[in-house]
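Accompanying notes for the structure given below.
The values are calculated or read from the model by the stated rules, or taken from the named source; none is laboratory data. Treat the numbers as computed from the prediction; the structure is a model and nothing was measured. Heads up, the Cβs are rebuilt from the backbone with ideal geometry, glycines too, and the neighbour counts pull from every protein chain shown.
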Amino acid sequence: MTIEQLLTTHFPDDPVLDAAFASALLRRTGQDPNAPALVRIYSPARTLSFGRLDAVRPQFPDAAAAARRHGFTPVVRGAGGRAAAYHEQTLVVEMYSRDTEGIVGARPRFERITPRIVAVLSDLGVDARIGPVPGEYCPGDWTVNGAGRVKLAGTAQRIIAGAWLFGVELVVSDSAPVRAVLADVNAALELEFDPSTAASLADMNPAVTLEQVRAAILAEFGAVHERTADPDLLEEAANLRDAHVA
């Protein structure tokens, strides 16, 4: 699978708009029969990304307040799962494509894409594997872990009529703020979390840098043709922003 189109549009001053832009781009991909497959890649501002299940818990306001105290903007993302934390040393990778399979294609996509992410990290000297770690944040069967001990990245999919989004969030370095904010957020949500399971790629190999990981991911998926977001897409993202406010 090669995805030649590259998009780097993001909003460092407005993490909520970053989440809304992902929703707008997925909608556009589903609605436009000529929409190209593309990779969106960026490093976000400090963001605490809550899943929809988090947002309906009675403890959610306290959890959002805990995120703010740590300097992380709380956001409600379109996909499911539990709370995850990103910052400037995180690489967010989102892949978008037209789809005709619906939910049936979800597992095969995990099986195709996640091993490629792991292979990229292995080539960078990180002992990356697939599988959940007991006590991890945002638990998932397709977690990218380090040596079977710590979580390095989460993977997720969002599927709508006509399109899919596959996302992976790689904490490249500076894992301490991630552990700290997730400890307080999960405590507020009354969810199990072992802070020692949250790590970064640099915890596994101190020589790894954000730019190295970015270049390796783009090379693996063949994303070489950078494009810009058109005004209509930006307007749709702005219209969807309120749906992602925590």
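Taking the criterion of being more than 16 Å from the chain's Cα centre (by Cα) and under 22 Å from N239 (Cβ atoms), the residues of segment 25-48 that qualify are R27, R28, T29, G30, Q31, D32, A35.
Flag: N239 does not match the condition of being assigned to a helix (DSSP H, G or I), surrounded by 21 or more Cβ atoms within 10 Å (Cβ to Cβ) and out of contact with any Leu (no Cβ under 6 Å at 6 or more places or on another chain). So which residues in segment 135-151 are at negative phi and not aliphatic (A, V, I, L, M), if there are any at all? Hits for segment 135-151 are E136, Y137, P139, G140, D141, W142, T143, N145, G146, R149, K151. If you go through segment 49-82 and pick out every residue that is under 30 Å from T2 (Cα atoms) and in a loop (DSSP other than H, G, I, E, B), you end up with 7. Cβ-Cβ contacts under 6 Å between residues 6 or more apart (or on different chains), taken from a first residue in segment 138-164 that is free of Cβ contacts under 8 Å to residues at least 24 places away in the same chain to a second residue that is buried (at least 19 other Cβ atoms within 10 Å of the Cβ), are listed as T143/K151; N145/V133; N145/K151.
Please go through segment 152-203 and pick out each residue that is at positive phi and out of contact with any helix residue (DSSP H, G or I) (no Cβ under 7 Å at 6 or more places or on another chain). I'd like the intermediate steps shown before the answer.
Here is the first cut: in segment 152-203, the ones at positive phi are 162, 174, 190.
Listed by number, the residues that qualify are D174, E190.
Could you tell me whether I159 is out of contact with any His (no Cβ under 9 Å at 6 or more places or on another chain), modelled with pLDDT of 95 or more, surrounded by 15 or more Cβ atoms within 10 Å (Cβ to Cβ) and more than 20 Å from V120 (Cα to Cα)? Talk me through it step by step, then tell me what you get.
Values: out of contact with any His (no Cβ under 9 Å at 6 or more places or on another chain): yes; modelled with pLDDT of 95 or more: yes; surrounded by 15 or more Cβ atoms within 10 Å (Cβ to Cβ): yes; more than 20 Å from V120 (Cα to Cα): yes.
So I159 fits the description; yes.
Taking every residue in segment 68-90 that is within 14 Å of A22 (Cβ to Cβ) and in contact (Cβ under 8 Å) with a residue 40 or more places away in the chain and pairing it with any residue that is acidic (D, E) and part of a strand (DSSP E or B), at least 6 positions away or on another chain, the pairs with Cβ-Cβ distances below 6 Å are Y86/E169. Taken over segment 26-51, the residue count meeting the criterion of being over 29 Å from A66 (Cβ atoms), among the charged types (D, E, K, R) and touching a residue at least 40 places away in the same chain (Cβ under 8 Å) is 2.
Any idea which residue in segment 193-216 is surrounded by the most Cβ atoms within 10 Å (Cβ to Cβ), counting only those that are out of contact with any Phe, Trp or Tyr (no Cβ under 8 Å at 6 or more places or on another chain) and part of a loop (DSSP other than H, G, I, E, B)? Filtering first and then ranking leaves S200. Under the condition of being more than 11 Å from the chain's Cα centre (by Cα) and either in a strand (DSSP E or B) or surrounded by fewer than 16 Cβ atoms within 10 Å (Cβ to Cβ) (or both), the residues counted in segment 83-104 number 9. Taking the criterion of being under 27 Å from I113 (Cα atoms) and assigned to a helix (DSSP H, G or I), the residues of segment 169-192 that qualify are V178, R179, L182. Exactly one of these conditions fails for A176: (1) surrounded by fewer than 15 Cβ atoms within 10 Å (Cβ to Cβ); (2) touching a residue at least 24 places away in the same chain (Cβ under 8 Å); (3) within 21 Å of V75 (Cα to Cα); (4) not aromatic (F, W, Y). Give me its number. All conditions are met except number (2).
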